[in-house]
Amino acid sequence: MASASRLLPPFPPPAAPTSRHTTLRAVPRSCSLAIPSLRCRASAPAAVDAGSPLLLEDRAGAVSIREFVTLDELHAAVRLRVRTFYEYARDTVGAEDHRKGLAEREYEALQNRISGNMINFRRVSCINGTVPLLPSLMSAEELCSTCKFIEDGEERIVVGSLDLNQCLWLPDELTGKRPGVTESSHTRAYLSNVCVAKELQRCGLGYALVDKSKKLARQWGITDLYVHVAINNEAAQKLYIKSGFVYESEEPAQQARHLGRPRRLLLWLDMKNETL
């Protein structure tokens, strides 16, 4: 999925990133994480791998879904995005420095978007899913060290993030058709930078982030909400369809080849008929 700045073009990388797009997974019915309270049932410790999501211990209010509060949290959210969208081989020389450079550049760009210093972006908000540094997260040492921030003396981890952008278009992306030319185009918004830490996928975090963004969009007076998703990312497509989005258009293959990425679908949500 595209971001508003698409994670600014990096200086020559030590290795090409495997993906720039979200790795959100569909929410299985068997997941014990409740929405909107978002807490997972305690379970026996399990290895952290792509097929076994890490479970949060049973603690009321463990996961907080909200707009960012501090710049430290915003920085942690950007580090999660770089961690999610860019992967490197273990023995890649200079990978850590490259990640840090990407994070600093995107952090500056995100601050500019939020503060209204970038043309076309009328309003931007970063929405995060955060959890306290729980004992059940200790097996995800790299996630905790990379995406940690401190708020009111408590160590917390950003485990999911997205941006809500009130704007006419996103750079290098398909533009939504709604509202029409005779209506106010300022009621259009896009989701971008949608990601969930791989250790906590399939527990409803992606759905909860999108749900929170819809509620905020309603407060902003948004009538038409869009999101871009890679044509080969079926899990993310299922998540958005579950959230009420429908197909509107798709990127021409020639444009995708020119940008060096999988083709995008543009999905649309009619906020006027959305029940929140």
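The values are calculated or read from the model by the stated rules, or taken from the named source; none is laboratory data. For clarity, every value in this text was computed on a predicted model and none was experimentally measured. Because the Cβ atoms are built from the backbone with ideal geometry, glycine has one as well, and the counts that use them run over all protein chains shown. Just the protein is used for accessible areas: all its heavy atoms, side chains included, with ligands, DNA and RNA removed. Shrake-Rupley method; radii C 1.70, N 1.55, O 1.52, S 1.80 Å.
Quick rundown of the values:
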item: Complete set of residues in region 263-276 that are at pLDDT 95 or above and either touching a helix residue (DSSP H, G or I) at 6+ places or on another chain (Cβ under 9 Å) or of a type outside the set (A, V, I, L, M) (or both); result: R263, R264, L265, L267, W268, L269, D270, M271
item: Wholly enclosed strands (runs of 3 or more DSSP E) of region 137-241 bearing at least 2 residues over 17 Å from L265 (Cβ atoms), at pLDDT 95 or above and under 19 Å from the mean Cα position of the chain (by Cα); result: 148-151, 154-167, 188-196
item: Residues satisfying the stated conditions in region 110-159, i.e. over 23 Å from V63 (Cβ atoms) and among the basic types (K, R); result: R113, R122, R123
item: Test for V69: is it of a type in the set (A, V, I, L, M, F, W, C), surrounded by fewer than 18 Cβ atoms within 10 Å (Cβ to Cβ), under 21 Å from K212 (Cβ atoms) and out of contact with any His (no Cβ under 7 Å at 6 or more places or on another chain); result: yes
item: I114 being among the β-branched types (V, I, T), under 20 Å from the mean Cα position of the chain (by Cα) and open to solvent by 10 Å² or more (accessible area, probe 1.4 Å); result: yes
item: Filtered residues of region 221-248 (kept if open to solvent by 20 Å² or more (accessible area, probe 1.4 Å) and either acidic (D, E) or in contact with a strand residue (DSSP E or B) (Cβ under 7 Å, 6 or more places away or on another chain) (or both)); result: I231, E234, Q237, G244, V246, Y247, E248
item: Residues satisfying the stated conditions in region 175-220, i.e. among the hydrophobic types (A, V, I, L, M, F, W, C) and open to solvent by 30 Å² or more (accessible area, probe 1.4 Å); result: V181, W220
item: Count of region 84-110 residues which are under 14 Å from C195 (Cβ atoms) and surrounded by fewer than 19 Cβ atoms within 10 Å (Cβ to Cβ); result: 1
item: Residue in region 117-130 that is in contact with a His (Cβ under 7 Å, 6 or more places away or on another chain) and surrounded by fewer than 16 Cβ atoms within 10 Å (Cβ to Cβ) present; result: yes
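Table: residues versus (1) more than 25 Å from A217 (Cα to Cα); (2) modelled with pLDDT of 70 or more; (3) among the β-branched types (V, I, T); (4) touching a helix residue (DSSP H, G or I) at 6+ places or on another chain (Cβ under 9 Å).
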{"residue": "S37", "(1), (2), (3), (4)": "no, no, no, no"}
{"residue": "P45", "(1), (2), (3), (4)": "yes, no, no, yes"}
{"residue": "A50", "(1), (2), (3), (4)": "yes, no, no, yes"}
{"residue": "L55", "(1), (2), (3), (4)": "yes, no, no, yes"}
{"residue": "A60", "(1), (2), (3), (4)": "yes, no, no, no"}
